[in-house]
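One structure is given below, encoded as C-alpha cells.
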Amino acid sequence: MNLSRRTFITSAALAPVACGVPLSYERGIPVAQPNPAPAIRAPQVGQEWTYVKRNVFDGKNLGLITERVASIGSTIVVDRSNESGEKLPNEIQGPWGTVIRDPHWSRVISFNPAIPLWPQELASSWSKQLITKYSLAGYPDNAYGWQEYMSAHGWEQMTVPAGIFLTLRYQNLINYVSDDDNKVNCIRKETVWFAPSIGRWVARESSGSYMIQGQLGMPNLEDSLQWQLTSYK
C-alpha cells in the first residue's frame, strides 16, 4: 500500500474520531488546561500499575493485568502478569514514553522506528502524524506499514477504581498493513486518558475493523476493549 492510499484511508476514517467522542461509555469531567503543564513522573524500578480489562460489547471482565517497571537502561522494560501470576509479554520503551515493543494488542508488535506512547507535548491542541514499520513477535524479518494519527482532545478529571486523576485525553487513529494479504483497510482506534502524575494511562479503550479483499458492505469488527486502573504504586 503506497503512502497516498494510506493517507486517503486515514483521512476518510478520521471524521468520527476527530470530534473527540470516546469509543464507548468512558467519560471524564473537562477541566482547564493546567498552567504550567504537569510534569510526567519519571520511571523507577518497582513502579507498578494494575488494570481491569473488559470487553466493551458485553461488559465481561477479562481479568486483571499488572504492569511493573523491571529494569531501566538503554531501554525500559515493563513486565506484565495476570492475576494468577502468569507472565505475559512485556513492554519495552526507549526512551520513556516511546514504545519499541507493544503487547497491548491481540498480537505483540515491535516498531522500527519507535513511536510515542502519549502526546509529546501535554497540550490540548497537540497532534502528530506518525509513520513507522511494525513486525510481529516471532517474525522479526517481516515488516509492515503502520500509520498513526495521534491527537490530544483536552484535559479531564477522570474517576477510575484507583481514584480520581488529572488526565490528558488523546486519541489514536491507526491504519496498518496486515500480515494477512486478504485483509485490507485495517483500522484501529483508541481513546486514552494519560495521567502525568503516575506516568501512565488510567483508562484506555480500543477497537478495530478490517475488510476482506473483494468484500462488500460493512467492515468486520475486532474486539472492543477497555482497561481501567485499579491500583498503582
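The values are calculated or read from the model by the stated rules, or taken from the named source; none is laboratory data. The model shown is predicted, which means the values in this text are computed figures rather than measured ones. Accessible surface areas use protein heavy atoms only, side chains included; no ligands, DNA or RNA. Shrake-Rupley method; radii C 1.70, N 1.55, O 1.52, S 1.80 Å.
Find, to one decimal place in angstroms, the Kirkwood hydrodynamic radius of the stretch 152-233, where the mean of 1/r is taken over every pair of different Cα atoms and then inverted.
14.4 Å
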Helix-only [θ]222 nm of the chain, DSSP H runs n ≥ 4, -39500 (n - 2.57) each, per residue, nearest 500: -2500 deg cm²/dmol
Cα-Cα separations in the stretch 96-156 greater than 16 Å, expressed as whole percent: 49 percent
Largest-first principal axis extents, alpha carbons of the stretch 110-207, Å: 43, 28, 22
For the chain, accessible area per residue (1.4 Å probe, heavy atoms of protein chains only), Å²: 48 Å²
Cα convex hull of the stretch 40-128 - mean projected area over all directions, nm²: 7.3 nm²
Rounded accessible area of D223 (nearest 10 Å², 1.4 Å probe): 100 Å²
Reach of K53 by Cα under 25 Å, taken over lysines that are not fewer than 8 positions away in the same chain: K87, K189, K233
Crossing angle, helix 3-18 versus the chain [Cα axis fit, 0-90 degrees, rounded to tens]: 50 degrees
From the C-alpha gyration tensor of the stretch 185-226, square roots of 5λ in Å: 31, 8, 5
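Taking all protein chains in place and a 1.4 Å probe, what share, in percent, of the accessible surface of the stretch 46-205 do carbon and sulfur account for?
C and S atoms contribute 46 percent here.
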Extension gain (nm, one decimal) between T132 and D179, 0.36 nm per residue minus Cα-Cα: 15.4 nm
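Return the Rg/Rh ratio of the chain with Cα-based radii and a Kirkwood Rh.
Over the Cα atoms of the chain, Rg/Rh equals 0.94.
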